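Take a look at the structure below.
The values are calculated or read from the model by the stated rules, or taken from the named source; none is laboratory data. All values derive from a computational prediction rather than experimental measurement. Cβ placement follows ideal geometry from the backbone for every residue including glycine, while neighbour counts extend to all protein chains displayed. Note: accessible area is taken over every heavy atom of the protein model, side chains too, but ligands, DNA and RNA are not part of it. Shrake-Rupley method; radii C 1.70, N 1.55, O 1.52, S 1.80 Å.
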Amino acid sequence: MTTKEMAEKIENAAAEFTARTRYSNQIEAKVAGDQLLNLLSYLKTAGFDHLACILCVDWLKKDLFEIVYNLWSYSHKIHATVKTTVNRQEAVLATALSLWPQAQVYEQEIHEFFGVKFSGNPDLKPFFLHNWQDIPPLRKDFDTESYAKAAYGTLEEENGNEL
């Protein structure tokens, strides 16, 4: 199956799905957050059996997080990039654990560093940021400099000037 045929197949599967060919072996599909699990389930049954990773992009000015799923089909030799967005203030998506158990690590990491919740995921505890008291540190509105000064103070040279 060609990427063009796969993109058409995805678009014909549900009115909420959009897909296009990006490169000779890559398609990009987009869907609203409430339909994400339906699209991922469809792709799994269509042969996209490998979840390579899940990424989060913070679009601060748009007040959105874009969640990106990278899938691979060994049978079709096609890479699928699936994108959805969620509001930064109410960032909740359904978990993909039932489809790909390895989604656990990616969802846990995105929750820890961006604050996106994955409903249905029973283990979103932090990997690194135990006892963290600030907003998630990979959000674009996180002020690294202010946090570092508050947590660790400032270094001063012998003449009293800040570095």
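Please go through the range 19-40 and pick out each residue that is open to solvent by 40 Å² or more (accessible area, probe 1.4 Å), outside any helix (DSSP H, G or I) and not charged (D, E, K, R). Result: T21, Y23, S24, N25, A32.
If I ask for residues that are open to solvent by 10 Å² or more (accessible area, probe 1.4 Å) and either of a type in the set (S, T, Y) or not in a loop (DSSP other than H, G, I, E, B) (or both), which ones from the range 117-127 would you list?
Kept after step one, since they are open to solvent by 10 Å² or more (accessible area, probe 1.4 Å), are these residues of the range 117-127: 117, 119-127.
Passing the criteria: K117, S119.
With the structure loaded, tell me whether A96 is within 13 Å of the chain's Cα centre (by Cα) and small (G, A, S) or whether it fails that test. Step through it out loud before you land on a result.
Details: within 13 Å of the chain's Cα centre (by Cα): yes; small (G, A, S): yes.
Taking the combined requirement at face value, the residue satisfies it.
Filtered by the rule that a residue be under 25 Å from L60 (Cα atoms) and either out of contact with any helix residue (DSSP H, G or I) (no Cβ under 9 Å at 6 or more places or on another chain) or β-branched (V, I, T) (or both), the range 91-102 gives V92, T95. Residues in the range 4-19 that are under 23 Å from the mean Cα position of the chain (by Cα) and not aliphatic (A, V, I, L, M): E11, E16, F17, T18.
Residues in the range 41-78 that are β-branched (V, I, T) and not in a strand (DSSP E or B): T45 alone.
Taken over the range 90-116, the residue count meeting the criterion of being surrounded by fewer than 16 Cβ atoms within 10 Å (Cβ to Cβ) and touching a strand residue (DSSP E or B) at 6+ places or on another chain (Cβ under 8 Å) is 2. Checked against the criterion of being modelled with pLDDT under 95, under 26 Å from D141 (Cβ atoms) and among the polar types (S, T, N, Q), the candidates Q108, Q89 yield just one match: Q89.
Within the range 141-162, residues that are modelled with pLDDT under 85 and exposed (fewer than 10 other Cβ atoms within 10 Å of the Cβ) reach partners that are among the charged types (D, E, K, R) and not in a helix (DSSP H, G or I) with beta carbons closer than 7 Å, at six or more positions or on different chains, in the pairs T154/E162; E162/E156. Counting the residues of the range 41-89 that are surrounded by fewer than 15 Cβ atoms within 10 Å (Cβ to Cβ) and in contact with a helix residue (DSSP H, G or I) (Cβ under 7 Å, 6 or more places away or on another chain) gives 1. Against the conditions (1) of a type outside the set (A, V, I, L, M, F, W, C); (2) open to solvent by less than 60 Å² (accessible area, probe 1.4 Å); (3) modelled with pLDDT under 95, where does E16 fall short? Just the number, please. Condition not satisfied by E16: (2).
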